[in-house]
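The values are calculated or read from the model by the stated rules, or taken from the named source; none is laboratory data. Since the model is a prediction, treat every value here as computed from it, not as a measurement. Here Cβ is always computed from backbone atoms with ideal geometry, including for glycine, and neighbour counts include all displayed protein chains.
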Amino acid sequence: MRFLVTIILVLVLAAAGAAAWFWVCIAQPYRQFPSEGVFVDLPRGASSRAAARLLWQNGVIRSATAFEIYARRHPRRRLQAGEYFFDHPITGHDVFWQIADGHVWEQPFTVREGETMFDIARELEAGKFMTANQFLAAAQDPQHVRDIAPHVKTLEGFLFPATYQLPRHPVPAELTAEMVRKFREEWTRIAASSPIAPGSGLTEHVVTLASLVERETPKPEERPLVAGAFENRLHKNMRLQCDPTVIYALEQIGQYKGTLTGDDLHFNSPYNTYANAGLPPGPIGNPGEASLRAAIAPAQTDYLYFVANTQGGHFFAATLEEHNRNVTKYRRLLAGLPADPPPEPVVAKKPQGKHHRGAAR
């Protein structure tokens, strides 16, 4: 009898010890990794045992066994694949729920309105997400927009400007697909309130026109005017003569030096709207909502020309004569002079009275 009591006591003590050990492993913060933190990449399809071992090897949890037991007590919650970052001691409990809720490490990355895929590629490389060439290779594949823009050669124009939450090493093709999904969401919303139906054959025209508008003016209120001026020129078979299209043509081959020269305006490229009539063969950047709306519904004016006013906006004109006057204004402003010259002074004329001979004295 005494032996049986001893056995029971030992078992009770062992159970109590195991419970205490389990509580320490799960409820007490633990960290055995460098002070700068540690990334743990949990593969897709990893079992709770594999995840526990990976976390233990990286010093995030005290015991792989205790973590696995805790995970098995929550069979309805699966551990989510992804990369997780740990930079301070937390409990095994918190580690489990961070992974079960899919709180993967992410960093914001912003695509600004008007940026080209070359701009985006350089910024991704600067942020150490991927190389520029990796992103450009994915952006060169237009399969995601074939149904709405069958003639485009790349995803330029459809990488929607927004802030994206990226993992440390995003997959290039998945990132471009996400940007295109964002474009589709916004395009559907914008087109729903316009005469253009989502997915219509006009999508390619609108996005290309919007990309020119985006690059021409930073002022949202001017974008319908710029879009209207371009549409008027298209209807009159006038060349658009849009500087950003030449810049884009040069960027494609890495020859843009930061400024345009007179020789650049003769550069042989289908994107050069000084040398070719009509719109370029595809977008020259990624327009935002305001430019897309402007391209869908351009302002109805007789404007054909516009030139910078040195204040971020433009002078608009319907005739070449008026445009030339606006160019003179622009040049005066650049020289630090008033846009319009001062009026010529009025010279008073002397009165034309009768002359009398003086009387002889």
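List of remarks:
- Complete set of residues in segment 133-154 that are in contact with a helix residue (DSSP H, G or I) (Cβ under 8 Å, 6 or more places away or on another chain), more than 17 Å from Glu123 (Cα to Cα) and not β-branched (Val, Ile, Thr): Asp141, His144, Ala149, Pro150, His151, Lys153
- Under the condition of being buried (at least 21 other Cβ atoms within 10 Å of the Cβ) and either among the aliphatic types (A, V, I, L, M) or under 20 Å from Leu155 (Cα atoms) (or both), the residues counted in segment 249-287 number 11.
- In segment 30-64, residue surrounded by the fewest Cβ atoms within 10 Å (Cβ to Cβ) [restricted to those that are among the basic types (Lys, Arg) and more than 19 Å from Trp105 (Cβ to Cβ)]: Arg49
- A single entry from Gly282, Gly312, Gly288 fulfils the requirement of being farther than 19 Å from Leu225 by Cβ and either within 24 Å of the chain's Cα centre (by Cα) or in the same structural domain as Arg233 (by TED's automatic domain parsing) (or both): Gly282.
- Residue match in segment 264-275 (condition: of a type in the set (Phe, Trp, Tyr), under 23 Å from the mean Cα position of the chain (by Cα) and either assigned by TED's automatic domain parsing to the domain that holds Thr208 or part of a loop (DSSP other than H, G, I, E, B) (or both)): yes
- Among the residues of segment 245-254, none qualifies, meaning not one is at pLDDT 95 or above, polar (S, T, N, Q) and touching an Asp or Glu at 6+ places or on another chain (Cβ under 8 Å).
- Residues being among the small types (Gly, Ala, Ser), without any contact (Cβ under 8 Å) to a residue 24 or more places away in the chain and within 17 Å of Leu155 (Cα to Cα) - total across segment 93-128: 1
- Elements of type helices (runs of 4 or more DSSP H) in segment 82-151, at least 3 residues being in contact with a Pro (Cβ under 9 Å, 6 or more places away or on another chain) and modelled with pLDDT of 95 or more: 132-139
- Subset of segment 288-297 [assigned to a loop (DSSP other than H, G, I, E, B) and modelled with pLDDT under 95]: Ala297
- Selection within segment 29-64 - touching a residue at least 24 places away in the same chain (Cβ under 8 Å) and not in a loop (DSSP other than H, G, I, E, B): Tyr30, Val38, Phe39, Val40, Asp41, Leu42, Ser48, Ala51, Leu55
- Check on Phe160, touching a Lys or Arg at 6+ places or on another chain (Cβ under 6 Å) and assigned to a loop (DSSP other than H, G, I, E, B): yes
- Residue count for segment 142-157, restricted to those that are more than 18 Å from Leu209 (Cβ to Cβ) and loosely packed, with under 15 Cβ neighbours inside 10 Å: 3.
- Scan of segment 86-112 for residues that are of a type outside the set (Gly, Ala, Ser) and buried (at least 21 other Cβ atoms within 10 Å of the Cβ), ordered by number: Phe86, Val95, Phe96, Ile99, Val111
- Verdict on Glu231 being without any contact (Cβ under 8 Å) to a residue 40 or more places away in the chain, more than 30 Å from Asn133 (Cα to Cα) and among the acidic types (Asp, Glu): no
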